[in-house]
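Peer 1: Supplied in structure tokens, the structure appears directly below.
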There are 2 protein chains.
Amino acid sequence: MRILLIEDERELAEALSAALGKHGIVTDHTMHLADAVELTRQNLYDAILLDRRLPDGEGLSFIPQLRRTGKDTPIIVLTALNEPKERVQGLDLGSDDYLGKPFLVEELMARLRAVLRRPPNLAELKITAGRMVIDPLHLSVTVDDAPLDLPRRELLVLAALAKRKEKTVLRATLEAAVYNYEEEIQSNALDAHISRLRRRLAEAGAEVSIHNIRGVGYLLKEE
Amino acid sequence: MRILLIEDERELAEALSAALGKHGIVTDHTMHLADAVELTRQNLYDAILLDRRLPDGEGLSFIPQLRRTGKDTPIIVLTALNEPKERVQGLDLGSDDYLGKPFLVEELMARLRAVLRRPPNLAELKITAGRMVIDPLHLSVTVDDAPLDLPRRELLVLAALAKRKEKTVLRATLEAAVYNYEEEIQSNALDAHISRLRRRLAEAGAEVSIHNIRGVGYLLKEE
DNA sequence: AGCTCCGCAATGCTGCCGCAACCCTTGTGG
DNA sequence: CCACAAGGGTTGCGGCAGCATTGCGGAGCT
């Protein structure tokens, strides 16, 4: 899972990134609305966390901007402006939830889950493929109910493939599922993950196979 | 076990928190109904203790509010309003118990246990793993019927792991099981608990093992 | 006063993962 | 049928982040 955090307090942003990371969430961070517009062009994010007071304007103005482009990515507004009137204002503009600062990370996680549980994201809850069941929220994989320990990055790759099983997933999509913009990679790290994943899945008898589509991407097939 | 205390007398709240803490209960405290609604969204609590006279309204009004969201978290009303008529009122609104102030902490504990013993919490009653049996209500662990004394925090960690045995438990989840949000920790306290738990469990011959999933969390396995 | 609990921090260790070297596969043109 | 190139697969290596362990000291309890 990957989210965009639009927030101008650097410390809060870093703490949040770290905390969300513990839940297996990849976070991109920007302080400016203008950047946010660019970043959301490619439908990369499962959700957006939005501050209201930002250096280049009122955060809320971002919501209609995004909706106008036809995207219904869930938005959760994070703000110190937490009067009832302000909450209504935020929700009416099309955000999906509104959370007053300060808040508990646990609460944010719960709201994220709630917001993602709504259709059409419902499919994300559990993914099955072959003998595997993947729970992306709890970061767990089981084969025939036996837990399978996977390193974090391999797990993210697997989840991205399984979410679109039997369909080709672009290389770029996979890379986006595993890395945020600050951790650019320059080698065949992704290929290496795939290679190790294949071995582990075979050993565990998962009955799935990962195929390469030359020059395009990868594809996970049930056997 | 973790509960939410909704109570406006700070002194009483602190005393209760401390007393419950000795029984291994992690307590979050709020003085406002509005906060309580937010906090309960995450289904984090095993029970709720509710005062009636609160600065922002009658505590009882919280009960239907919570039930409407589909939660059946047990609620125990704590109040000085202890006339028979008032008791009936509280129970009819959907609380699970009604306790007049002043009361003994021991009585509260007994009522908590009673309320948690009812279905659908029944599954929580005893957890077995390896040769261990854990009773989260009485905070006891036995190995082959021999009692095993564990420090409070280690016990909370163990219970959280055992409740989801054979499944990975996120670091963040474990931290939430042991600490309330006023006691943030900054070091590897959790790791230390795990380390000491491992030694104690091995010495006691519990036949369980705690595995680390790097970058994700921990997992308790039977051997 | 003596005990345990427990957060903290220093230390050493493990294994993830990016990297790059090398090999294999596939496709194209002659 | 072969030569060549380009993309993919595999694997060992090394850096380093995350984990395990443990001693210390403060706090709380008896």
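The values are calculated or read from the model by the stated rules, or taken from the named source; none is laboratory data. Predicted, not measured: the structure shown is a model, and the values here were computed from it. Because the Cβ atoms are built from the backbone with ideal geometry, glycine has one as well, and the counts that use them run over all protein chains shown. Accessible surface areas use protein heavy atoms only, side chains included; no ligands, DNA or RNA. Shrake-Rupley method; radii C 1.70, N 1.55, O 1.52, S 1.80 Å.
Peer 1: Could you count how many residues in the stretch B:45-64 are open to solvent by 10 Å² or more (accessible area, probe 1.4 Å) and of a type in the set (Phe, Trp, Tyr)?
Peer 2: 1
Peer 1: With (1) in contact with a strand residue (DSSP E or B) (Cβ under 7 Å, 6 or more places away or on another chain); (2) part of a helix (DSSP H, G or I); (3) not β-branched (Val, Ile, Thr) as the list, and A:ASN82 as the residue in question, which single condition is left unmet?
Peer 2: Here A:ASN82 meets the rest and fails (2).
Condition check ((1) touching a residue at least 60 places away in the same chain (Cβ under 8 Å); (2) farther than 21 Å from A:GLY21 by Cα; (3) among the hydroxyl-bearing types (Ser, Thr, Tyr); (4) in contact with a His (Cβ under 8 Å, 6 or more places away or on another chain)) across all residues:
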residue	(1), (2), (3), (4)
B:VAL133	no, yes, no, no
B:PRO136	yes, yes, no, no
B:LEU161	no, no, no, no
B:ARG171	no, no, no, no
B:VAL178	yes, no, no, yes
B:ASP191	no, no, no, no
B:ARG198	no, yes, no, no
B:GLU207	yes, yes, no, no
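Peer 1: May I pose another question? Just the residues that are over 23 Å from B:ALA110 (Cβ atoms) and small (Gly, Ala, Ser), please, taken from the stretch B:64-95.
Peer 2: Once the filter is applied, which keeps residues that are over 23 Å from B:ALA110 (Cβ atoms) and small (Gly, Ala, Ser), the stretch B:64-95 yields only B:GLY70.
Peer 1: Need pairs with beta-carbon distance below 6 Å; first residue under 17 Å from B:GLN186 (Cα atoms) and within the stretch A:7-22, second modelled with pLDDT of 80 or more and open to solvent by less than 40 Å² (accessible area, probe 1.4 Å); sequence gap 6+ or separate chains.
Peer 2: From the stretch A:7-22, the pairs are A:SER17/A:THR27; A:LEU20/A:THR27; A:LYS22/B:ALA172.
Peer 1: Consider A:ASP8 against the criteria (1) surrounded by fewer than 21 Cβ atoms within 10 Å (Cβ to Cβ); (2) part of a helix (DSSP H, G or I): it satisfies all of them except one. Which criterion is unmet?
Peer 2: A:ASP8 satisfies all of (1) surrounded by fewer than 21 Cβ atoms within 10 Å (Cβ to Cβ); (2) part of a helix (DSSP H, G or I) except (2).
Peer 1: Which of the residues that make up the stretch B:95-116 are under 11 Å from B:LEU78 (Cβ atoms) and crowded, with 17+ Cβ neighbours inside 10 Å?
Peer 2: Across the stretch B:95-116, the qualifying residues are B:SER95, B:ASP97, B:TYR98, B:LEU99, B:LEU108, B:ARG111.
Peer 1: Could you look through the stretch A:65-87, keep only residues that are touching a Lys or Arg at 6+ places or on another chain (Cβ under 7 Å) and open to solvent by less than 30 Å² (accessible area, probe 1.4 Å), and pick out the one that is farthest from A:ILE3 (Cα to Cα)? Let's see the steps before the verdict.
Peer 2: Taking the stretch A:65-87 and keeping what is touching a Lys or Arg at 6+ places or on another chain (Cβ under 7 Å), we get A:76-81.
Keeping just the survivors that are open to solvent by less than 30 Å² (accessible area, probe 1.4 Å) gives A:76-79.
Values: A:ILE76: 11, A:VAL77: 13, A:LEU78: 14, A:THR79: 17 Å.
Ranking the candidates gives A:THR79 first.
Peer 1: Spot the failing condition for B:SER187; the list is (1) more than 8 Å from chain A (Cβ to nearest Cβ); (2) open to solvent by less than 30 Å² (accessible area, probe 1.4 Å); (3) within 9 Å of DNA strand D (Cβ to nearest atom); (4) modelled with pLDDT under 90, and only one is missed.
Peer 2: (2)
Peer 1: Sticking with this one: Among the candidates B:ARG153, B:ARG164, which residue alone is at pLDDT 90 or above, closer than 28 Å to B:HIS29 by Cα and either β-branched (Val, Ile, Thr) or not assigned by TED's automatic domain parsing to the domain that holds B:HIS23 (or both)? First the steps, then the outcome.
Peer 2: Numbers: B:ARG164 fails: at pLDDT 90 or above.
Checking each option against the conditions leaves just B:ARG153.
Peer 1: Against the definition (within 20 Å of the chain's Cα centre (by Cα) and outside any strand (DSSP E or B)), how does B:ILE63 come out, yes or no?
Peer 2: Working: within 20 Å of the chain's Cα centre (by Cα): yes; outside any strand (DSSP E or B): yes.
Here the answer is yes, as B:ILE63 does meet what is asked.
Peer 1: Name the residues in the stretch B:17-46 that are within 14 Å of chain A (Cβ to nearest Cβ), away from DNA strand D (no atom under 16 Å from the Cβ) and not in a helix (DSSP H, G or I), would you?
Peer 2: Answer for the stretch B:17-46, where residues must be within 14 Å of chain A (Cβ to nearest Cβ), away from DNA strand D (no atom under 16 Å from the Cβ) and not in a helix (DSSP H, G or I): B:ASP28, B:HIS29, B:THR30, B:HIS32, B:ASN43, B:LEU44, B:TYR45.
Peer 1: Look through the stretch A:195-209, keep the residues that are within 13 Å of DNA strand D (Cβ to nearest atom) and surrounded by fewer than 18 Cβ atoms within 10 Å (Cβ to Cβ), and return whichever of them is farthest from the other protein chains (Cβ to nearest Cβ). Walk me through it before giving the result.
Peer 2: Kept after step one, since they are within 13 Å of DNA strand D (Cβ to nearest atom), are these residues of the stretch A:195-209: A:195-203, A:209.
Next cut, surrounded by fewer than 18 Cβ atoms within 10 Å (Cβ to Cβ) only: A:195-196, A:198-200, A:202-203, A:209.
Values: A:SER195: 19, A:ARG196: 14, A:ARG198: 20, A:ARG199: 18, A:ARG200: 13, A:ALA202: 20, A:GLU203: 17, A:SER209: 24 Å.
Residue satisfying both the conditions and the ranking: A:SER209.
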